[in-house]
Amino acid sequence: MKYILFLLLPASLLFGADVNVSDTDIVERVINFVIFVAILWYLVADKLKNVFATRREKISKRLDEVQDKLKTAKKAKEQALRRLEEAKEKASDMVATAKKEAYLVMQKIDEQSKIDIENIMKNNETLMDFEQKKMEREVVEEILLELFKTKIGSFETSDYINILNKKVA
């Protein structure tokens, strides 16, 4: 009751009225207010508890959902990072393999080129030998035809054979 008087005292000073506590019905009003709060608490307390409990459950569910999403996002991130690392390893392996294959192909091409060059040189030598022999035959044939036409020299068959052997050999 002392506390209520202190609350009313500043209000009386503000309005400039004389307040006599015995003239007021403050005690009855306080009792009515306490009864009103008790009835209100009796009627609304369970409903308020239920509302707050359901709200707490909803918040808890949302928190669990967010945590589950966070976990799945972390797992997806880890999987993506693993796949990235695997892709990097595969790419480096592919590059290394490509380099090895390119080196092997270059070696095969180099070897094949050397073989081809050797074959071309052998064929060229064979062709040159063939052309030289052909030219020698033509020269011998031409000389013999000239000799037979002019009859400048009469040779015997053994002389012809010796001359031909010297020219061909």
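The values are calculated or read from the model by the stated rules, or taken from the named source; none is laboratory data. Remember, it's a predicted structure, so these values are computed and weren't measured experimentally. Note: ideal-geometry Cβ built from the backbone for every residue, glycine included; neighbour counts use all protein chains shown.
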- Message: Quick test for you: out of Ser158, Ser92, Ser113, pick the one residue that is assigned to a helix (DSSP H, G or I), among the small types (Gly, Ala, Ser) and surrounded by fewer than 10 Cβ atoms within 10 Å (Cβ to Cβ).
- Response: Ser158
- Message: Could you check region 35-52 and list, in sequence order, the residues that are within 57 Å of the chain's Cα centre (by Cα) and either at pLDDT 95 or above or not in a helix (DSSP H, G or I) (or both)?
- Response: none
- Message: Please go through region 118-140 and give me each residue that is polar (S, T, N, Q) and under 22 Å from Lys166 (Cβ atoms), ordered by number.
- Response: Gln132
- Message: Being without any contact (Cβ under 8 Å) to a residue 12 or more places away in the chain, loosely packed, with under 10 Cβ neighbours inside 10 Å and among the charged types (D, E, K, R) is the requirement here; does Glu28 meet it?
- Response: yes
